[in-house]
Every structure is written in structure tokens, then in C-alpha cells.
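The values are calculated or read from the model by the stated rules, or taken from the named source; none is laboratory data. Model, not experiment: these values are computed from the prediction. For neighbour counting, all protein chains shown are included, and Cβ atoms are generated from backbone atoms with ideal geometry for every residue, glycine included.
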Amino acid sequence: MKIDWLIEYPLGFKGRSLLIEDDGDVCYAYIATQEGFIAHVWLYNRTEAPVEWPWLAKNFNPDVPQKNPVNFVSTSAFQLPISEEEFHIESSISANSVNGVVKVFLRKRLIAFLNEDVGVGQSLLASKAGPLATPLLPQF
């Protein structure tokens, strides 16, 4: 089965949307406006994680979403989605600001948290903080 999803969820505040993009290699979620992305988070790699940062490779393409390197990926068991319908989100305005926050769920399990005030979101599968994701904090 070929995976190539771009799911859009209108957020209901300030013309924002949440996009989930799975290109069959890697998956990200983005809080987006008409002008571009406000926040992003790596959700998972579908294929083997690289050993080094992808942007250090000779064939690096900045227009392609990058896989999170092996040192930043949790080794916990995780079942990848097979359908767009397995995702759902919850969005609200942050208690500490006027900006939006979004929780991303996969099969009713929280897998990511994005906050407009923080450019890089939290991911269940991130083992340590990096430029693509930070670990999901326990209070979520």
C-alpha cells in the first residue's frame, strides 16, 4: 500500500489549520497559516532512521521533510498508521497566551503536542530534544 497523506484540520482560531503530512518515508504535523508554518513536530519515520543528521548529507534536499536520526528516536514499540482515519486532534487557545495549542492522537493515543508559542513540538517517539521534535512531556 502506497502511503502519501496530507490531512488538513481547520483549527477554528485565527485562520489556522493543522496539517499532518506522511509521504511514505516520514510524518510531520504543522500548525499552518496562509503565510506558512508556525510550529512543527516530527511524528515518526516509516523507514529506517538515518545515523547522522540528514542535512549533513551531500544529497540533502531542504524541500523534503527529513527523517529524525536514530539517536533522537525512541526504541519503544509503535504501530504505524495504515489509514488517515486513525488520526484525530484536539485544539484550544493556550491558557498562558492568545495562541493555539494542538494535541495529535493516533488510535486515541496522544502522540504529539504543538504550541504556537514554541516552534518545535513534542512527540511521543522523540527520545531527546532536537530541531525536529522534543520528547512528549508526561503531563500530557
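Does P50 qualify as being buried (at least 17 other Cβ atoms within 10 Å of the Cβ), touching a helix residue (DSSP H, G or I) at 6+ places or on another chain (Cβ under 8 Å) and within 22 Å of D25 (Cβ to Cβ)?
Working: buried (at least 17 other Cβ atoms within 10 Å of the Cβ): yes; touching a helix residue (DSSP H, G or I) at 6+ places or on another chain (Cβ under 8 Å): yes; within 22 Å of D25 (Cβ to Cβ): yes.
Taking the combined requirement at face value, the residue satisfies it.
The residue that is surrounded by the most Cβ atoms within 10 Å (Cβ to Cβ), counting only those in region 4-34 that are modelled with pLDDT of 95 or more and of a type in the set (F, W, Y), is Y28. Apart from one condition, E84 fits all of (1) in contact (Cβ under 8 Å) with a residue 60 or more places away in the chain; (2) among the charged types (D, E, K, R); (3) crowded, with 20+ Cβ neighbours inside 10 Å; the exception is (3).
Listed conditions (1) in a strand (DSSP E or B); (2) closer than 17 Å to V120 by Cα are all met by K67, apart from (1).
Taking every residue in region 39-52 that is farther than 15 Å from D23 by Cβ and pairing it with any residue that is outside any loop (DSSP other than H, G, I, E, B) and among the hydroxyl-bearing types (S, T, Y), at least 6 positions away or on another chain, the pairs with Cβ-Cβ distances below 6 Å are V41/S123. Count of region 2-53 residues, restricted to those that are part of a loop (DSSP other than H, G, I, E, B) and acidic (D, E), is 6. Taking region 1-27 as the range and being within 12 Å of the chain's Cα centre (by Cα), more than 14 Å from L80 (Cβ to Cβ) and of a type outside the set (A, V, I, L, M) as the test, only E21 passes. Mind listing whichever residues of region 110-128 are surrounded by fewer than 19 Cβ atoms within 10 Å (Cβ to Cβ), at pLDDT 90 or above and either more than 30 Å from E52 (Cβ to Cβ) or in contact with a helix residue (DSSP H, G or I) (Cβ under 8 Å, 6 or more places away or on another chain) (or both)? Scanning region 110-128 gives S127, K128.
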